[in-house]
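Asks: Just dropping this structure here.
The values are calculated or read from the model by the stated rules, or taken from the named source; none is laboratory data. Quick caveat, the model's predicted, so the values are computed rather than measured. FYI the Cβ positions are ideal-geometry reconstructions off the backbone, even for glycines, and counts take in every protein chain you see. The accessibility values were calculated without ligands, DNA or RNA, using every heavy atom of the protein model including side chains. Shrake-Rupley method; radii C 1.70, N 1.55, O 1.52, S 1.80 Å.
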Amino acid sequence: MATNINVELFKRYAPKKKLEIIEKLNPNELMNVTTATITRIVKEAGKSMYKSRNKRLYISRDRQRGNSWNSTIEAVELIRGKLYLDVYLQYENTDCNTSELVRDFIRGGDFTGSVVRGDRYGNDRHYYFTYSEGSKQRVIRSILEEYVYTKYANKLKESA
């Protein structure tokens, strides 16, 4: 029977049970996560950004996932009602952060994002990062795990 993570994640289960459910999700179930679910995750477990109603759920270093090539997802941000992924990108001899809309990211198929930066001569250069279905599934799983570890930190410490 297929697990609807959009419902199961918010039921009254023990935190360890929620982590077990997340670990057992197959790729199709992971890709069925909706933007409404991720918005609720950020609202419940995210920290307020400085003097605003915007929220940010930072993904800890040991749970950060990326495309195994040139980028990782560092956080999920809810800014003025829109949901963004904070992407850390490495290219040539430098690096940067950029934001991508979550609804574009979780859509079916591969996701390709780009950053336009000037080179040392002032010419604009495009730098690309691509996420396959497998990479996107790892990122979504890390967001779900970070929600449980952040929201239920005290209960997980007590049971350990």
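Asks: With an 8 Å cut-off on Cα pairs and a minimum separation of 6 or more residues, tell me the relative contact order of the chain in percent.
Replies: Here the relative contact order equals 22 percent.
Asks: If one takes the longest principal axis of the Cα atoms in the chain, at what angle in degrees, from 0 to 90 and to the nearest 10, does the Cα axis of helix 133-151 lie?
Replies: The angle comes out near 50 degrees.
Asks: While we're here: Return an integer: the convex hull volume of the alpha-carbon atoms of the range 61-160, in Å³ per residue.
Replies: Residue-normalised Cα hull volume stands at 126 Å³.
Asks: Using the heavy atoms of the protein chains and a 1.4 angstrom probe, tell me the accessible area per residue for the range 1-111 in square angstrom. Please report the intermediate quantities before stating the final value.
Replies: On the way: 6690 Å² over 111 residues.
Accessible area per residue, the range 1-111: 60 Å².
Asks: Which trypsin sites (Lys or Arg not before Pro) in the range 58-149 pass both tests, a DSSP loop state and at most 13 other beta-carbon atoms within 10 Å? Before the final figure, lay out the partial values.
Replies: Details: sites: 61, 63, 65, 80, 82, 103, 107, 117, 120, 125, 136, 138, 141; in loops: 65, 80, 107, 120.
In loop regions of the range 58-149 (DSSP not H, G, I, E or B), the sparsely surrounded trypsin sites (Lys or Arg not before Pro) are 80, 107, 120.
Asks: Continuing with the same structure: Give me the Kirkwood hydrodynamic radius of the range 1-49 in Å, from all C-alpha pairs, to one decimal place?
Replies: After inverting the mean inverse Cα-Cα distance, the result is 11.7 Å.
Asks: Just give me a number: lysine pairs in the chain, eight or more positions apart or cross-chain, with C-alpha atoms less than 18 Å apart.
Replies: 25
Asks: Which whole-angstrom value gives the distance between the alpha carbon centres of the range 1-45 and the range 141-157?
Replies: 12
Asks: Sum -39500 (n - 2.57) across every DSSP H segment of at least 4 residues in the chain, then divide by the residue count to get the 222 nm mean residue ellipticity, nearest 500. If you can, show how the numbers build up before the last one.
Replies: Numbers: 7 runs with 59 residues, N = 160.
Value at 222 nm, helices only, nearest 500: -10000 deg cm²/dmol.
Asks: Kindly provide the chymotrypsin sites (Phe, Trp or Tyr not before Pro) of the range 9-112 that DSSP labels as loop, not H, G, I, E or B, and whose Cβ sees at most 15 other Cβ atoms within 10 Å. Can you show the working numbers first?
Replies: Numbers: sites: 10, 13, 50, 58, 69, 84, 88, 91, 105, 111; in loops: 10, 13, 50, 69.
Here the chymotrypsin sites (Phe, Trp or Tyr not before Pro) that fit, given the DSSP loop and packing criteria, are 10, 13, 50, 69.
Asks: Here's something else I'd like to know. What is the local net charge at residue 156, summed over the other residues whose Cβ is closer than 11 Å to its Cβ (Lys, Arg +1; Asp, Glu -1)?
Replies: Its environment carries a net charge of +4.
Asks: Could you give the Stokes-Einstein D for the range 1-134 in µm² per second, using the C-alpha Kirkwood radius, 37 °C, 0.692 mPa s? Kindly include the intermediate steps, with their values, before the conclusion.
Replies: Numbers: Rh = 16.6 Å.
For the chosen part, D equals 198 µm²/s.
Asks: Can you give the alpha-carbon Rg of the range 121-160 over 2.2 N^0.38 Å, where N counts its residues?
Replies: For the range 121-160, the normalised Cα radius of gyration comes out at 2.04.
Asks: For the range 22-93, what does the convex hull of the Cα positions come to per residue, in cubic angstrom?
Replies: So the per-residue Cα hull volume is 130 Å³.
Asks: Still on this structure: In the chain, carbon and sulfur make up what percent of the accessible area (probe 1.4 Å)?
Replies: Accessible surface attributable to carbon and sulfur in the chain totals 46 percent.
Asks: Let me ask something additional. How far, in degrees from 0 to 90, does helix 35-45 lean away from the longest principal axis of the Cα atoms of the chain, to the nearest 10?
Replies: On a 0 to 90 degree scale, this one is about 70.
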